[in-house]
Every structure is written in C-alpha cells, then in structure tokens.
1. Are any residues in the range 74-124 out of contact with any Phe, Trp or Tyr (no Cβ under 6 Å at 6 or more places or on another chain), closer than 23 Å to residue 23 by Cα and not in a strand (DSSP E or B), and if so, which ones?
2. Can you name every residue in the range 20-40 that is surrounded by 20 or more Cβ atoms within 10 Å (Cβ to Cβ) and within 22 Å of the chain's Cα centre (by Cα)?
3. When residues of the range 278-314 are filtered for being closer than 19 Å to residue 338 by Cα and either in contact (Cβ under 8 Å) with a residue 60 or more places away in the chain or polar (S, T, N, Q) (or both), how many remain?
4. Looking at residue 455, is it surrounded by fewer than 23 Cβ atoms within 10 Å (Cβ to Cβ), within 23 Å of residue 355 (Cα to Cα) and in contact (Cβ under 8 Å) with a residue 60 or more places away in the chain?
5. Within the range 332-443, considering only strands (runs of 3 or more DSSP E) that don't extend past its boundaries, which have at least 1 residues that are touching a Cys at 6+ places or on another chain (Cβ under 9 Å)?
6. Within the range 626-657, which residues are closer than 26 Å to residue 16 by Cα, outside any loop (DSSP other than H, G, I, E, B) and not basic (Lys, Arg)?
7. Quick one: which residue in 394, 470 is farther than 25 Å from residue 339 by Cα and touching a residue at least 12 places away in the same chain (Cβ under 8 Å)?
8. Just give me the residues in the range 305-330 being under 16 Å from residue 352 (Cα atoms) and part of a strand (DSSP E or B), in sequence order.
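The values are calculated or read from the model by the stated rules, or taken from the named source; none is laboratory data. Because the structure is a prediction, the values reported are computed rather than measured. Please note: Cβ atoms are built from the backbone with ideal geometry, for glycine as well, and neighbour counts cover all protein chains shown.
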Amino acid sequence: MGKLALEDFTKYKFLSGTKFSPNGKNLAYVVHEMDVDENKYLSNIWLYDVDNKKSRKLTTFNKESSFVWMDDENILFSAIRDEKDKKRKEKGEPFTVYYKINIYGGEAEKFFEIPLFVSDIEPISENKFVLTASYDEKYKDFEKLSSEEKEKKLEDFKEERDYEVLDEIPYWSNGQGFTNKKRNRLYLFSLDDNQMKPITDELTNVEGFKLNKEKSKILFISNTFKDKMEIRSDLFLYDLNNNNLEKLTHEDPFNYFYADFFNGNIIFLGSDMKSYGINENPKFYLMNMQTKEVKNIETDFDYSTWSSVGSDCRYGSNNAFKVEGSYFYFETTEWGNSYINRIDESGKREKLTTKNGSVDGFDVFNGKVIFVGMRDVKLQELYLLDENKEEQLTELNEWVIKEKKMSKPERITFLGEGDVEIEGWIMKPTDFEENKKYPAILDIHGGPKTVYSGEVFFHEMQYWANEGYTVLFCNPRGSDGRGNEFADIRGKYGTIDYEDIMHFVDRVLEKYPFIDKNRIGVTGGSYGGYMTNWIIGHTDRFKAAASQRSIANWISKFGTTDIGYYFVEDQQASTPWNDYEKLWFHSPMKYADKVKTPTLFIHSEEDYRCWLAEGLQMFTSLKYNGVESKLVLFRGENHELSRSGKPKHRIRRLKEITQWFDKYLK
C-alpha cells in the first residue's frame, strides 16, 4: 500500500446527474475528472446498461456536463464545439447550443440553439421545450438583431465593463458574479418557428419547475422581488393548453423548497420559518389540485431533506428528489449520514438505505434505485438499491482504496451541556505506532447546518493522516441531522458550539494519550473559518490555525455579502441598527487583540458568500497586534475553492495549509 499523496485527488473521478432513460433500460450519468495541465475539469456523459450491468463512456469531447433524455435512444446535451460558437461565446454573446446523440452509435449532431444562457430544459414534445434561462435586461431582444447589429451591441457592452450599476439587494451571488436585475426566467421554446415565449416576468426568479406526466402542465417555484429579495417564494401552475397561469401559494410568507405532481395532486416541501428561521427543516404537504386544499402529511418529521454530509471529493450537481409510482423519493441527513427515503400520500415514510455514509444523488425506475454514494470511506461510485439491498455497480475510484493507505475514523461520543449527546471522530496516522506522540489537526465543518461523517472519504483528512497527523472532527450543536432544536444556534454563535468543540477536544485527549496536547492545530472553512477565528480569540491551546473563507465581523458581513442581510438578521437575531453590540459580541474580530496563535488565512477574491473583507479584517487585526500571520489570496476563485476550485489552486491551497501546520506542529 502506498502513501496517499497531496496531488492524488487530481486523479479522482466525480459522478453526477444520474437519469434513467424513459424505458429504464439505461442510466446516463456524468463523470468529471481533472486536467491539471490545463487547470480545468473534464466532463463526459456515461451510460450504465441496467440489464447487462456494464458502464461505457458515451461522449468524449470533455465538455458535456448537462443533459436530458429526449426518448429511449436519444440524449440532448449542451456544449460549445464549433470554433465559430467559441468565438461568439468569448465575445459575450448569450446563447446555448444543444446537441443530440443516439446511445447506440453515431456522432453527436447539432440540434438547435437558444439565444439565452439556459440553466434547465425539458422536452414537451419533439419540437417543443420548457426551460429556464438567465434573463438580463441589457440583452433584451438581442436575438432579433442582425449580425452587424449584434457585433455593435457587444462592442458597446465592452465599453460598459468598467461599470456596475446596482439598485437592488442582493446585487451579486457567489459563483455567479454580479446579478443585479438578472433573473432565471421560465420560457417555452418552439423549434417549428424558433420562437421563445416567456412565462414569467422580468422581476421573477424561477427556482425549479416540473412537468406532469401528460406534459400539459408546468409546476414551478419562484420569487418575485424589486429592490430587496425577501426569503419567501410562490408556487405557480401553468396550463399549456390554455396558457393560463395560476398562483397556488397557500401561505405567505412561506419558503417552498420543492414541488412536484403526485398521483393527480401536488406534493411539496416547505417551511413557514416561524419556529426556527430560514434553516428550519421542511414539512411535507399535499395540495388537492381541484380544491387547492393543503394538508401536512408528516407532522412528526424533523430532518433536512437533502444530504448535508461534507466532503471535498464531489463535483457537479445531482438529483435528490423523484416522484415515481405511488411514492415520493427524497434524501435525509440523520446524525452524520444521509439516506434515501420515500413517502406515500398518507404520510407513511420508509428509510430505504440503511448503510452509513453519504447518498449524493439518485434516480428511480419501477422502484429500482441507482444512486451515487460514498460508502466505507471510499470515493463516489454508482450503487443499485433493489429490495433494500445495495450492490456496487462501478469501480471508477476503486484503485484508491486498493493502492493507498487509509485511516478509518473511530467514532467517539460524549455528553455536552444539558446532557446532549455529541458525536465526533478521530483518525489515527496511517503508520501509527504505539508509545509514540503525534500532532493533531482539528477540522471544523461549514454551515453550520451541515455534518461530518466517519464513513465518507475526505481527501485532506486522509492526506494529513498519511503525513503523520491525528485528525479530529465532530458535529457540535448547530450541525444538521439531529432535528431543528439541535441545529438552532441563532444568537448563540461562538457559545454552546464552542463549548461542544472544546469538550470534544478534551475528551479525545483523555481517551487517546498518544496525541501531543502541545501540538494541536485548528482549521475550518466558512462557518468552520468563523469558529477558527473565534477559537484563537478565546483560547491559546492550539499552536497553529488555518482560517479559510471565514467570517470576522457580523456587521460587515451583513452589508457586503450575497446572503448577509438576511442570513445575519436570522442567525444572529439582530441587525446593525437594533443591536449592533450583539453582532460585535459574536464577531471574532472583537477578540483579535487576545490572539496569540500563529494563523494562516485562505481567502478567494470572488468569494461573495464570506467576502474577502472578512479575511482581510482578521488578518489586519492579528498583524496589528503582533501575531504571526499570513494571508493567501486566490484570484478567480469563490467560496467553493476547496471543493470545485481550479485544480492547481486546490493543490496550492492544501500545500499552504499543510506547510503551515508542519512549521508549527512538527
């Protein structure tokens, strides 16, 4: 068995987008991998033959990451392959080109083009489609211009690149850049006349849509706003036969999380946010299509309906919901693991997967489930779930577990304040020797409403274990998987969660004497970065820290980040005007003059979730107070640097953190 190297993650394969063909004979999915030399990701569509249990690569152009089945044999996907199209894209022209490929052979053929940046598309018929696409007012009627007029317009836009005019909040979004007056609109597109018909207006942002089986109705969730986006949404039904748009919103404010047609009615997930704020776990509701009567069909449910299990080994998006037959399939996060569940109209819920680990997306056909999963501290693979039995279908990443040394996390639990059970894990160094002292790294997850799992592969943790570190991680109060009350730390950031983390470290040191208590480091990103900043201002027990994409000051976060104005108000139960002292109390920057721990700051220039100002403020505060510190800034990256940043940037990030800990802990 060889030692896991820092750059081994550049050889991993990441799976996404599982979709059964209409007849269920094939499952298409996307495999992503890294090209370090070109500093980018390569994506291709693969096929899994269900009857013959074989996988094969369908496309080879390395740019196919989004697709939809047209019928049992043909797949539609978006791509830029033509040199002329590449040049048009470089100039900033808005369009999406779709290709069609037959799964039984032949080259992909250009099928049609849409004069917008499409985010999602579904066929209504061979010549008609429903889609969502980005609408920007400055491109209004752009498709009606002649080639010369388009060239002139694009040149005019170049002149405007030095300016941004903002008149609403949020005005930017992490990973998307400036979003002022940009909306994800719902359209109908006809190939017969090549015409686009908008269903929603210029101020409405569509969050998701579904077609009924007859393809005569469209159900969608949207949010309309001017000046300030509120955390609320509406539910709409559009009738394709008579072009009628009907508002179904049953309560306001209400946050609709997901909606679909279900046995002649509508099933939806959502929350009124009255008890636990914007992070409140959703409930299941059933709406009668005729009477519009709404009822809650699972009153005792108290889990999130997604997988919030953390890992740095994913790429691409996955399906997490499916109506199939008499059931609605969905994911839950429970303690440190995620599972596939289903529920019927009466509200009876069944947990279909029971193995620990992570379910990263799935699809269902005739009760047979194929999902992307992480099992037994392994990387992503496809798994079949049939009659509650799991079978691994692919071995795309099996070489890692066969060729590289792994550290199996050991679970540890303890009672926190109020006798609340807290779970965590310890990973021993891979070449562990008895009677030898080892340094340790405490890794804190983001969110805070996410979880760590002892069954999920985490590259940076495994790499540190291979480098002779003990790795510690836990799920303190504020984490997901334990219900609303456990996750609710509104107005308590840095208090009960800090106590849980410190008690976890105390318990680990008591139980594992081989850890050198004088050589422990702490790191984390996002909320984990916040906690790292908080910890170094409240204790000197850690000999080094690496704070990533962090929060330093809740007041500045309120006014500068994409979610700040509503997230801070909700999570801190205050604004800069009604209780700035509370925001300052919970800000790590307030305690920066107490810090003695050498600290590395990692931040991305385009991180609009925890903006660069947060890292700069904390770094400046430590330097001002004479604390050894360093800030490494990544240009062209956002909040997702550690998970989907450019390959070379991800390598540099992990090198910087590891070298920092090596300097102070070894």
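1. 103, 104, 105, 106, 107
2. 28, 29, 30, 31, 32, 34
3. The qualifying residues number 16.
4. Details: surrounded by fewer than 23 Cβ atoms within 10 Å (Cβ to Cβ): yes; within 23 Å of residue 355 (Cα to Cα): yes; in contact (Cβ under 8 Å) with a residue 60 or more places away in the chain: yes.
The answer is yes for residue 455.
5. Numbers: elements: 337-343, 349-351, 358-365, 368-374, 381-386, 389-392, 410-415, 421-427.
Counting at least 1 such residues, we get 368-374, 410-415, 421-427.
6. Applying the first criterion (closer than 26 Å to residue 16 by Cα) to the range 626-657 yields 636-654.
Among the residues that remain, those that are also outside any loop (DSSP other than H, G, I, E, B) are: 641-644, 647-654.
Listed by number, the residues that qualify are 641, 642, 644, 647, 649, 651, 654.
7. Numbers: 394 fails: farther than 25 Å from residue 339 by Cα.
Result of the check over 394, 470: 470.
8. Step one: filter the range 305-330 for residues under 16 Å from residue 352 (Cα atoms), giving 305-307, 320-330.
The answer is 321, 322, 323, 324, 327, 328, 329, 330.
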